[in-house]
Amino acid sequence: MAKKTLDWLALQIIAVFEERGLNAAYIEDTQKTLTGRDRLSVLLWCNNLDSDNKAALANRLHVNETDLATTLRTLQKI
C-alpha cells in the first residue's frame, strides 16, 4: 500500500499557514485534508482560502495574486 503524501502545492499552503502563525490544530486538520490529493484537487481546495491566505500563497509561489485568483475561479467553473 502506497503511503499518502502531500503534493508540493499542499506543502506550500502548510508553510504559508505556519509562517502566518495559524492555529496548530487548524494546520494539522488542513494537512490531513490535503494528504493524498493531486495538484488539481489541491488547487480546487484553494478556493477555501481567505483573501489574506490566498495573497500569502501567491507571494510564496511568486505569482500575481490576480493570476492565482483567475486560475482558482476558472478551475471552479470547469
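The values are calculated or read from the model by the stated rules, or taken from the named source; none is laboratory data. Please read these numbers as outputs of a predicted model, since none were measured by experiment. Using ideal geometry, Cβ is built from the backbone for each residue, glycine included, and neighbour counts are taken over all protein chains shown. To get the accessible areas, we keep the full protein, side chains included, count just its heavy atoms, and leave off ligands, DNA and RNA. Shrake-Rupley method; radii C 1.70, N 1.55, O 1.52, S 1.80 Å.
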All conditions in (1) surrounded by fewer than 13 Cβ atoms within 10 Å (Cβ to Cβ); (2) among the basic types (Lys, Arg); (3) assigned to a helix (DSSP H, G or I) are true of Lys54 except (1)
Counting only residues in segment 1-45 that are part of a loop (DSSP other than H, G, I, E, B) and small (Gly, Ala, Ser), the one farthest from Leu72 (Cα to Cα) is identified as Ala2
Mind checking whether some residue in segment 60-70 is in a loop (DSSP other than H, G, I, E, B), surrounded by 14 or more Cβ atoms within 10 Å (Cβ to Cβ), under 12 Å from the mean Cα position of the chain (by Cα) and not β-branched (Val, Ile, Thr)? no
Restricting attention to segment 61-77, does a residue exist that is out of contact with any strand residue (DSSP E or B) (no Cβ under 8 Å at 6 or more places or on another chain), of a type in the set (S, T, N, Q) and closer than 15 Å to Arg20 by Cβ? no
Contacts under 7 angstrom Cβ, first residue in segment 1-15 being open to solvent by 100 Å² or more (accessible area, probe 1.4 Å), partner modelled with pLDDT of 95 or more, 6 or more apart: Lys4/Thr35; Lys4/Gly36
Within segment 54-78, residues touching a helix residue (DSSP H, G or I) at 6+ places or on another chain (Cβ under 6 Å) and closer than 21 Å to Asp38 by Cβ come out as Leu57, Ala58, Arg60, Leu68, Leu72, Leu75, Gln76
